[in-house]
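**Q** Structure incoming, see below.
The values are calculated or read from the model by the stated rules, or taken from the named source; none is laboratory data. If you're wondering where the values come from, they're calculated on a predicted model, not measured in any experiment. Backbone-built Cβ (ideal geometry, glycine too); neighbour counts: all protein chains shown.
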Ligand code: F3S
């Protein structure tokens, strides 16, 4: 692998211990994937932030990198943490967990990483332009960045994303290269889909078909006339979760689709398959919902405005978490949405989400509009799920 003089110096330890470790990680990755060189990146998004996932070993690694003088060379933001960093007591987060989580965030801050903890960094100022090389780690955000924005990133792990932040580099392989961005599977879908639930379900069904085909193809999707930002973020989360996809092309919607013609291998998604997928996440019989969560991926300001509209002058009857990025929460606060929502008894959970917070086994049945949240709620958190359209999830909290 060809390194520039500066990259070689990083590897030799001239720029300090943490930078050396970071370049070692990237050089090893580059060797594994036959990269010929490093690429400069302009934006990084780091996953592996919740102490629930990191544990003591992860915290120690981050502390060592901060002690070793690591400093972010480019714009770098964080994935959700295990708690709302300002309001963790109200969410029932144990004090010892909060103390560890604060140390994780403090280590990132010492390295100059912006401590905006969100899986929708593109809503809070980390918004790379078309064609830019970046290094992002969170799977739904990676899918969104590659597909909707047309930026270029592989699906990084936590350590490789941090390494990219500290060096401003990533190895040139995979989705950074033109030839690896070609679609290889045509997907025809029913017309008229709308809403986060329907788009999330579509991502789930296509993802499952991709998994069943044994590979990780890049789908070329035909039949969507329009899609909102919220629908696309829901679709990305599902497609990445159920099919491991990091890139798709959607004719008429995503910026690279027009460069390609439909691949020869074809799959069809039917209305029956979509309905069956929704049913598969609604297998609760006679058990009341005791937890409601919206914001997977993190909510946009429009979505929070809609929740405020639905909750105005009403009282929720169960634990209801509204998960979003801190800067979006601040905007919601300025707009008066937080006051309306909190008066209803619902709780904001900024900086975190129902999957990465330490709430395993705490609830029995969760209602959500997110197919990704259903996947992890049933797996990691041992909840049953009720999967409904956005507005109906809010109404479920009032029932
Ligand atoms: Fe984001 Fe958590 Fe869902 S990280 S995509 S809200 S599982």
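**Q** Within region 213-227, is even one residue within 18 Å of residue 155 (Cβ to Cβ) and in contact with a strand residue (DSSP E or B) (Cβ under 6 Å, 6 or more places away or on another chain)?
**A** Filtering region 213-227 down to residues within 18 Å of residue 155 (Cβ to Cβ) leaves 215-219.
Next, only the ones that are in contact with a strand residue (DSSP E or B) (Cβ under 6 Å, 6 or more places away or on another chain) stay: 217, 219.
So far as region 213-227 goes, yes, one or more of its residues are within 18 Å of residue 155 (Cβ to Cβ) and in contact with a strand residue (DSSP E or B) (Cβ under 6 Å, 6 or more places away or on another chain).
**Q** Here's another thing I want to ask about it. Please work out which one of (1) under 16 Å from residue 51 (Cα atoms); (2) in contact with a helix residue (DSSP H, G or I) (Cβ under 9 Å, 6 or more places away or on another chain); (3) surrounded by fewer than 17 Cβ atoms within 10 Å (Cβ to Cβ) is the condition residue 117 fails and give its number.
**A** Checking residue 117 against (1) under 16 Å from residue 51 (Cα atoms); (2) in contact with a helix residue (DSSP H, G or I) (Cβ under 9 Å, 6 or more places away or on another chain); (3) surrounded by fewer than 17 Cβ atoms within 10 Å (Cβ to Cβ), the one that fails is (3).
**Q** Could you pull out every one of the strands (runs of 3 or more DSSP E) wholly within region 3-98 that has 2 or more residues that are surrounded by fewer than 20 Cβ atoms within 10 Å (Cβ to Cβ)? Break it down into steps so the answer makes sense when it comes.
**A** Details: elements: 38-40, 43-46, 75-78.
Counting at least 2 such residues, we get 38-40.
**Q** Considering region 302-334 alone, what residues qualify as being more than 16 Å from the ligand (Cβ to nearest atom), without any contact (Cβ under 8 Å) to a residue 60 or more places away in the chain and in contact with a helix residue (DSSP H, G or I) (Cβ under 7 Å, 6 or more places away or on another chain)?
**A** 305, 308, 312, 331, 332
**Q** Could you list, in sequence order, the residues of region 365-384 that are surrounded by 24 or more Cβ atoms within 10 Å (Cβ to Cβ) and not in a helix (DSSP H, G or I)? Give the steps one after another, and end with the answer.
**A** Going through region 365-384, the residues surrounded by 24 or more Cβ atoms within 10 Å (Cβ to Cβ) turn out to be 366-374, 377, 383.
Selection gives 366, 367, 368, 369, 370, 383.
**Q** Can you tell me which residue in region 99-129 is nearest to residue 357 (Cα to Cα), limited to those that are away from the ligand (no atom under 15 Å from the Cβ), assigned to a loop (DSSP other than H, G, I, E, B) and within 21 Å of the chain's Cα centre (by Cα)?
**A** The qualifying residue nearest to residue 357 (Cα to Cα) is 113.
**Q** Could you figure out which of (1) within 16 Å of the ligand (Cβ to nearest atom); (2) in contact (Cβ under 8 Å) with a residue 60 or more places away in the chain; (3) assigned to a helix (DSSP H, G or I); (4) touching a strand residue (DSSP E or B) at 6+ places or on another chain (Cβ under 7 Å) isn't true of residue 148?
**A** (4) is the only condition that residue 148 fails.
**Q** Take residue 366 and tell me if it is more than 23 Å from residue 102 (Cα to Cα) and either within 15 Å of the ligand (Cβ to nearest atom) or at pLDDT below 95 (or both). Walk me through it before giving the result.
**A** Numbers: more than 23 Å from residue 102 (Cα to Cα): yes; either within 15 Å of the ligand (Cβ to nearest atom) or at pLDDT below 95 (or both): yes.
Against the criterion (more than 23 Å from residue 102 (Cα to Cα) and either within 15 Å of the ligand (Cβ to nearest atom) or at pLDDT below 95 (or both)), residue 366 qualifies.
**Q** Sort out which residues of region 343-361 are surrounded by fewer than 23 Cβ atoms within 10 Å (Cβ to Cβ), touching a residue at least 24 places away in the same chain (Cβ under 8 Å) and within 16 Å of the ligand (Cβ to nearest atom), and write them in order of number.
**A** Passing the criteria: 347, 358.
**Q** Checking the conditions here, which among 289, 284, 328, 316 is assigned to a loop (DSSP other than H, G, I, E, B), under 26 Å from the mean Cα position of the chain (by Cα) and farther than 29 Å from residue 187 by Cα? Can you show your working first?
**A** Values: 284 fails: under 26 Å from the mean Cα position of the chain (by Cα); 328 fails: assigned to a loop (DSSP other than H, G, I, E, B); 316 fails: under 26 Å from the mean Cα position of the chain (by Cα).
None of the other options fit; the residue is 289.
**Q** Which of the residues that make up region 219-245 are within 18 Å of the chain's Cα centre (by Cα), over 14 Å from residue 185 (Cα atoms) and assigned to a loop (DSSP other than H, G, I, E, B)?
**A** Passing the criteria: 228, 244.
**Q** Let me ask something else. Go through region 183-218 and give me each residue that's free of Cβ contacts under 8 Å to residues at least 60 places away in the same chain, buried (at least 19 other Cβ atoms within 10 Å of the Cβ) and part of a helix (DSSP H, G or I).
**A** 199, 207, 210 - these are the residues of region 183-218 that are free of Cβ contacts under 8 Å to residues at least 60 places away in the same chain, buried (at least 19 other Cβ atoms within 10 Å of the Cβ) and part of a helix (DSSP H, G or I).
**Q** Given the conditions (1) at pLDDT 95 or above; (2) touching a strand residue (DSSP E or B) at 6+ places or on another chain (Cβ under 7 Å); (3) part of a loop (DSSP other than H, G, I, E, B), which single one is not true for residue 304?
**A** Residue 304 satisfies all of (1) at pLDDT 95 or above; (2) touching a strand residue (DSSP E or B) at 6+ places or on another chain (Cβ under 7 Å); (3) part of a loop (DSSP other than H, G, I, E, B) except (3).
**Q** Would you please name the residue that is surrounded by the most Cβ atoms within 10 Å (Cβ to Cβ), looking only at residues in region 154-178 that are within 16 Å of the ligand (Cβ to nearest atom) and part of a loop (DSSP other than H, G, I, E, B)?
**A** Initially, region 154-178 is screened for residues within 16 Å of the ligand (Cβ to nearest atom), giving 155-158, 161.
Within this subset, residues satisfying the condition of being part of a loop (DSSP other than H, G, I, E, B) are 156-157.
Values: 156: 25, 157: 15.
Going through the qualifying residues, I end up with 156.
**Q** Of the residues that make up region 333-342, is at least one within 29 Å of residue 206 (Cα to Cα), in contact with a strand residue (DSSP E or B) (Cβ under 8 Å, 6 or more places away or on another chain) and buried (at least 18 other Cβ atoms within 10 Å of the Cβ)? Break it down into steps so the answer makes sense when it comes.
**A** Keep residues of region 333-342 that are within 29 Å of residue 206 (Cα to Cα), which gives none.
Looking through region 333-342, none of the residues is within 29 Å of residue 206 (Cα to Cα), in contact with a strand residue (DSSP E or B) (Cβ under 8 Å, 6 or more places away or on another chain) and buried (at least 18 other Cβ atoms within 10 Å of the Cβ).
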